Amino acid sequence: MDTALDFCLRVVDDRLRCRAPVQPEVMRVPAFSSDDSAEAEDVATVRLMLVEDHSMVTMALVSAFESVDDIELAGQATSIGEAVEVIEGIRPGVVLLDRRLPDGDGIDAIAELHRVSPESKVLVFTGVADREVAERVAEAGGAGLLLKAGRLEDLLDTIRRVAAGEVFFDVEVPGRPTGR
């Protein structure tokens, strides 16, 4: 099973090797958890905003989101400033927010994103985090923290759960649900 980063790198590598545009790898992921024994129900589409400054990661994530029916990429930004501008016009259900951005720490932007779009839930997506970072996300009002080294299926499932009102932290935070 690929990690989200492995998938990203494979998609980008495939696209760079081909002259013609490559269709994203079909990787249909059901709109329900793999441990859910009930049949899949119609699930509302999650409107997602991606805030990521690394074009390679963005390209791969866009391809991944195109492969699922219940997550709509409603907007993208590459910085905190751009995210604040974009979020107001699209009002996404979930913001997938990189922690390290060119104009600051994504965690510090959570309050501003909530000020502009109070109904949006912010999920911090980062390469490295510890308990202190996770606590900062929780204190800032973030709906969770997910490590980039995780599996793509876990990313998609976490986005769905956060959209449904759950909180999720890949790193242990007292009083908050932790990773899988």
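Any read-out appearing in this document is the output of simple, stated calculations on the displayed coordinates, not a laboratory observation. Nothing here was measured: the structure is a model prediction, and the numbers come from that model. Reconstructed Cβ throughout: ideal geometry from the backbone, glycine too, with neighbour counts over all protein chains shown.
Only one of (1) within 15 Å of ASP53 (Cβ to Cβ); (2) more than 12 Å from the chain's Cα centre (by Cα) is not met by PHE125, so which one is it?
Unmet condition: (2).
Say whether the condition of being exposed (fewer than 15 other Cβ atoms within 10 Å of the Cβ) and more than 24 Å from THR45 (Cα to Cα) is met by at least one residue in the range 152-169.
no
Pull out all pairs, ordered by first then second residue, where Cβ-Cβ is under 6 Å, the residues are six or more apart or on different chains, the first lies in the range 63-85 and is touching a residue at least 12 places away in the same chain (Cβ under 8 Å), and the second is hydroxyl-bearing (Ser, Thr, Tyr).
Close Cβ pairs (under 6 Å, with a partner that is hydroxyl-bearing (Ser, Thr, Tyr)) amount to ASP70/THR45; GLU72/THR45.
Could you please find all residues in the range 63-91 being under 14 Å from the mean Cα position of the chain (by Cα), farther than 23 Å from VAL167 by Cβ and among the charged types (D, E, K, R)?
GLU66 - this is the single residue of the range 63-91 that is under 14 Å from the mean Cα position of the chain (by Cα), farther than 23 Å from VAL167 by Cβ and among the charged types (D, E, K, R).
Among the residues of the range 74-82, is there at least one that is crowded, with 17+ Cβ neighbours inside 10 Å and within 14 Å of ILE159 (Cβ to Cβ)?
yes
Which condition number does ARG115 fail, the rest of (1) buried (at least 16 other Cβ atoms within 10 Å of the Cβ); (2) out of contact with any strand residue (DSSP E or B) (no Cβ under 9 Å at 6 or more places or on another chain) being met?
(1)
Tally up the residues in the range 92-112 that are under 15 Å from the mean Cα position of the chain (by Cα), more than 12 Å from THR78 (Cα to Cα) and not in a strand (DSSP E or B), please.
Of the residues in the range 92-112, 4 are under 15 Å from the mean Cα position of the chain (by Cα), more than 12 Å from THR78 (Cα to Cα) and not in a strand (DSSP E or B).
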